[in-house]
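Throughout, read-outs are computed from the coordinates displayed, never taken from laboratory work. Because the structure is a prediction, the values reported are computed rather than measured. Glycine also receives a Cβ, built like all others from the backbone with ideal geometry; neighbour counts cover every protein chain displayed.
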Amino acid sequence: MRKVLTTCGYCGTGCNFYLNVEDNEIVGVTPKNDHPISKGKLCVKGWQGHSFVHHKDRLKKPLMRQSDGSFSEVSWETAYSYIGSKLKKIIKEKGSEAVGVLSSARCTNEENYLMVKFARSVLRTNNIDHCARL
Amino acid sequence: MTNSINELEDSEVIFVIGSNTTEQHPIIGMRIMNAVKKKGAKLIVADPRKIPLAEYATVYTPIKPGTNLAFINGILNVIISENLMNQEFIKSSTEGFEELRASIGKYMPEAVTSITGVPEDTIREIARLYAKAKTASIVYAMGITQHVTGTKNVGALANLALLTGQVGREATGVNPLRGQNNVQGACDMGALPDVLPGYQDLDSQAAQEKFAKLWGEGFAWGEGKSLGEMIEGAYNGEMKALFIMAENPMLSDPNLEHVKKALENLELLVVQDIFLSETAKLAHVVLPGASFMEKDGTFTNTERRVQRVRKALVPMAESKADWEILCGLMKTMGYSAEYSSPAEIMEEIRALVPSYGGITYQRLEKEGLQWPCPDINHPGTKFLHKGGFVRGLGRFTVNEYVESTQQPSEEYPFILTTGRIHHHYHTGTMTRRAWALDREHPEGYMEICPQDAKKLGLRQEGMVKVSSEIGEISIKVKITDKITPGVVFIPFHFGEAAVNKLIGQHHDPVVQIPEYKVCAVKLEGVR
């Protein structure tokens with residue numbers, strides 16, 4: 001069994017714990033006694049909030065909507081190139097301000113930074129926000 | 001937070017307003033309980049619901065939803081009229097006191113009582129307890145911010161700390177508890193329409209030149225639309241494409257029918273998520289991202305502590321870490337994004353964001369660092385504004401109370417306030433699929449006090465139809481004496497009883513935060 005130290009993905013308190021991993025599966029959680037905030041304690045979400053990661057409904061491949069309204073699985077290349085060309089077309093026709101991005105308080109700092117860079121530098125739009133107010 | 005979580009245990013007085021701390025931030029709630037039980041701290045709690053922390057309070061007062069500002073101004077009035085201010089601090093460290101004093105005269109306790117429902121003597125007692133303490137901390141959350149006066153409410157709390165000098169020292173401060181794991185970091189990274197990463201001014205030429213070196217010339221440095229404005233833009237056809245990463249506005253935003261029409265109006269909606277969320281169901285393209293257990297990175301907690309997130313699992317099937325997806329997309333669009341790891345992205349962040357200047361993965365390996373951490377030898381910052389404010393002098397603001405647009409009427413006689421519960425998180429995308437959590441609270445409910453339930457003939461576990469001006473839902477009844485008469489509470493996690501169908505478009509004019517905490521509703525039993 002591997003123990004991987006990480007930061008909880010729920011509220012903004014920032015408790016740390018070890019995820020106990022066996023065969024790419026979370027089999028348990030061990031608190032970290034000497035962490036400055038959680039000090040060996042966890043709330044119910046810290047203890048019990050991880051089984052969703054193995055849920056059968058997880059998205060496994062990119063999906064694209066078909067003309068009949070249903071989704072079908074596509075490759076990453078197909079998804080990227082469809083999004084890229086569509087975004088370019090909209091920006092060309094309507095300008096950058098017709099596109100916007102919503103970043104996420106669930107994602108990492110590095111991902112949020114990249115999203116801001118993607119918006120302001122690649123799409124050249126000022127429309128970037130996330131759910132800080134919700 | 002201006003201060004740190006651990007400092008709460010050393011506060012003589014803790015003033016909790018608009019935060020159900022033991023439910024939403026249980027470990028911080030525990031720290032507050034310890035402060036009371038083990039260190040004799042005095043706790044003040046103001047909330048429309050008798051939240052668990054109220055049991056530990058020296059003073060608990062229910063308050064009418066939407067009247068925080070009159071209440072806080074009432075406390076300021078008592079502090080000034082009883083001369084409990086910290087004169088020395090006001091003189092040496094603040095500006096704008098005379099304007100504040102002039103504005104606050106009319107908020108006498110006798111006037112504030114009829115607005116807020118808080119007894120006159122309770123307002124006086126709270127003012128005295130807070131002002132006379134050697135160290136006092138203010139703790140608040142969205143019960144303060146999700147109002148049409150959200151910005152003013154925060155300004156009034158800052159006035160309270162400035163007036164009494166309860167800031168810039170250990171175990172004091174103005175301490176908002178951030179709700180989501182990395183909402184602090186998302187703001188720090190500039191995922192906001194009006195700042196660059198690190199809250200740097202969009203129109204600062206020095207910042208523009210610095211960013212242009214890494215982002216290329218001609219990047220967009222204007223002020224953009226906020227989330228609500230983007231939804232509005234989609235609705236009226238101005239916006240044509242939205243790219244949404246790990247957010248679920250189809251459950252979290254106000255006026256859900258309106259949001260649905262807006263998103264359906266787009267030429268391109270891309271949603272990157274780990275499940276087919278209510279929002280993803282409307283997308284043209286859905287990209288499978290990875291959960292925090294499946295990737296490396298950092299989160300910044302509510303006390304500005306940047307900490308490592310470590311990859312414990314290989315991402316599910318063909319899903320990918322969100323940073324890898326963004327790199328892939330950038331490359332497809334002909335942009336260089338050759339990052340080998342999140343550690344390399346952090347190197348770019350620290351080159352651009354001064355408060356993260358000293359934060360490296362190597363240092364974080366040992367333990368987290370609290371920003372500002374400007375250089376590689378800096379130990380991080382436990383509390384802000386030590387020995388003077390970052391902007392120079394602390395500025396008092398004038399915050400006049402305005403009544404909420406939502407008042408009880410003959411047609412809509414109850415006030416609905418919304419929030420969260422312990423076992424679930426935001427739109428429930430994760431927690432409703434974590435069996436041990438969902439088992440505890442598998443469905444939504446509406447809290448109502450016994451007197452009101454009796455009047456309406458509502459039964460425990462029976463169904464009630466809740467309608468507002470803009471929508472209606474049916475939901476289970478939960479009768480509890482922990483809620484003020486005339487007020488009902490519904491948590492927003494549950495898609496099948498989505499309370500945000502009822503919440504209208506009213507919002508704070510400065511930051512556009514929706515008025516989730518006050519909504520006039522009608523209740524009818526369902527047979």
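Structural remarks
- Of the beta bridges in chain B, as assigned by DSSP with both residues counted there, near 40 percent are antiparallel.
- Mean separation of Cα contacts under 8 Å (6+ apart) over length of segment B:183-370, as relative contact order %: 15 percent
- Computed on the Cα trace of segment B:90-206, the radius of gyration divided by the Kirkwood hydrodynamic radius gives Rg/Rh = 1.02.
- Full-stretch length increase - residue B:114, residue B:465 - with 0.36 nm per residue and alpha-carbon distance subtracted: 123.3 nm
- In order along segment B:198-213, phi translates into HN-Hα couplings of x, 6, 6, 4, 4, 9, 6, 5, 4, 5, 4, 5, 5, 5, 4, 4 Hz, rounded to whole numbers, per the Karplus curve 6.51 cos²θ - 1.76 cosθ + 1.60 with θ = phi - 60° and x for Gly and Pro.
- Working note: Cα gyration tensor of the protein assembly as shown, eigenvalues times five, square-rooted, sorted largest first, giving semi-axes of 38, 30, 25 Å.
- Spin-label model, residue B:88 to residue A:78: label points 7 Å out along the Cα-to-beta-carbon direction sit 7.3 nm apart.
- Neighbouring partner chain Cβ atoms per residue of B:221-230, average, 10 Å criterion: 6
- When every Cα-Cα distance of segment A:95-134 is counted in 10 angstrom steps from zero, the calculated P(r) takes the values 34, 51, 15 percent.
- Exceedance of the 28 Å cut-off in Cα-Cα distance is limited, within the set A:117/B:320; A:41/A:117; B:261/B:522; B:39/B:64; B:106/B:455, to A:41/A:117; B:39/B:64; B:106/B:455.
- According to the Kirkwood relation over distinct C-alpha pairs, the hydrodynamic radius of chain A is 18.3 Å.
- Reach of residue B:42 by Cα under 18 Å, taken over lysines that are not fewer than 8 positions away in the same chain: B:50, B:132, B:134
- For chain B, relative contact order (Cα pairs under 8 Å, six or more residues apart, normalised by length) works out to 17 percent.
- Both radii are taken from the alpha-carbon atoms of segment B:414-526; with Rh as the Kirkwood radius, Rg/Rh is 0.97.
- Within straight-line cross-link reach of residue A:92, aspartates and glutamates at Cα separation under 20 Å, skipping those fewer than 8 residues along the same chain: B:217, B:238, B:267
- Rg and Dmax of chain B, both derived from C-alpha coordinates alone, stand at 23.7, 67 Å.
- R0 of 56 Å, Cβ-Cβ distance residue B:210-residue A:61: FRET efficiency to nearest 0.05: 0.90
- Cα gyration tensor shape for segment B:291-371, rounded if a/c is under 1.5, else prolate or oblate: oblate
- Its Cα gyration tensor gives segment B:5-177 an equivalent ellipsoid, and the semi-axes of that ellipsoid, as √(5λ) in whole Å with the largest first, are 23, 19, 14.
- Per-residue average of Cβ from other chains inside 10 Å of B:150-161: 0
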